[in-house]
Amino acid sequence: MEIKQKQEKSKEEERIVRILSQDIEGKTSIYAGLAQIKGVSWSMSNAICHALKFDRYRKIGSLTDEEVKKISEFMKAPNIPSFLVNRRFSFEEGTNQHLTGSDLDLRKEFDIKRLKKIKSYKGVRHTAGLPVRGQRTKAHFRKNRKKGVGIKKKVKKEEK
């Protein structure tokens with residue numbers, strides 16, 4: 001009987017669960033697995049487990065298809081406090097929303113384009129490739145950029 005239980009546990013761990021177009025390994029806990037989804041923080045993951053009455057430390061591979069569907073439906077329209085939502089008072093709709101995955105990326109990109117279009121301070125900083133939120137600019141924002149002094153220009157060979 002113990003052998004069957006071990007085989008079932010190994011099948012659960014080998015299983016890959018897909019929630020909101022994100023593949024999650026079966027051996028991770030629900031709490032950690034949900035946090036791997038883009039747009040879901042650890043506190044949001046905890047709120048989902050609490051709202052749906054799942055044990056946080058249960059392996060995500062042991063979830064049934066109905067439970068996975070229940071999680072994905074809840075994440076599309078979460079019934080949680082507004083301080084856990086990642087988009088409070090949206091500019092377009094004026095409502096609290098929680099975005100995940102590619103929706104979050106697209107909305108962020110549109111927001112940056114809007115800031116650039118209206119030429120706000122943040123938009124100008126984005127356009128120039130400078131730090132937006134008040135960081136110092138002497139050294140740390142210059143990663144993966146060429147320095148002005150000390151770089152030799154490439155000389156093209158003249159053709160005859």
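The values are calculated or read from the model by the stated rules, or taken from the named source; none is laboratory data. It should be emphasised that the depicted structure is a prediction, and the values quoted were computed from it without experimental measurement. FYI the Cβ positions are ideal-geometry reconstructions off the backbone, even for glycines, and counts take in every protein chain you see.
Among the residues that make up segment 136-157, is at least one of them at positive phi, at pLDDT 80 or above and either in the same structural domain as residue 44 (by TED's automatic domain parsing) or basic (Lys, Arg) (or both)?
no
For segment 26-47, enumerate the residues that are buried (at least 18 other Cβ atoms within 10 Å of the Cβ) and either β-branched (Val, Ile, Thr) or in contact with a His (Cβ under 6 Å, 6 or more places away or on another chain) (or both).
30, 37, 40
Identify the residue in segment 71-93 that is in contact with a helix residue (DSSP H, G or I) (Cβ under 8 Å, 6 or more places away or on another chain) and surrounded by 15 or more Cβ atoms within 10 Å (Cβ to Cβ) and, among all such residues, is farthest from residue 103 (Cα to Cα).
Here the answer is 80.
Tell me, which helices (runs of 4 or more DSSP H) wholly within segment 30-127 include 2 or more residues that are touching a strand residue (DSSP E or B) at 6+ places or on another chain (Cβ under 8 Å) and within 25 Å of residue 15 (Cβ to Cβ)?
Where helices (runs of 4 or more DSSP H) fall fully within segment 30-127 and carry at least 2 residues being touching a strand residue (DSSP E or B) at 6+ places or on another chain (Cβ under 8 Å) and within 25 Å of residue 15 (Cβ to Cβ), they are 30-35, 65-76.
Of the residues 112, 60, only one is touching a helix residue (DSSP H, G or I) at 6+ places or on another chain (Cβ under 7 Å), assigned by TED's automatic domain parsing to the domain that holds residue 25 and at pLDDT 85 or above; which?
Answer to the check: 60.
Residue by residue, here is whether (1) among the hydroxyl-bearing types (Ser, Thr, Tyr); (2) under 30 Å from residue 48 (Cβ atoms); (3) within 20 Å of the chain's Cα centre (by Cα) holds:
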residue: 82; (1), (2), (3): yes, yes, yes
residue: 85; (1), (2), (3): no, yes, yes
residue: 88; (1), (2), (3): no, yes, yes
residue: 92; (1), (2), (3): no, yes, no
residue: 95; (1), (2), (3): yes, yes, no
residue: 102; (1), (2), (3): yes, yes, yes
residue: 119; (1), (2), (3): no, no, no
residue: 140; (1), (2), (3): no, no, no
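In segment 128-137, which residues are aliphatic (A, V, I, L, M) and either closer than 16 Å to residue 109 by Cβ or part of a loop (DSSP other than H, G, I, E, B) (or both)?
Filtering segment 128-137 down to residues aliphatic (A, V, I, L, M) leaves 128, 130, 132.
Of everything in segment 128-137, those that are aliphatic (A, V, I, L, M) and either closer than 16 Å to residue 109 by Cβ or part of a loop (DSSP other than H, G, I, E, B) (or both) turn out to be 130, 132.
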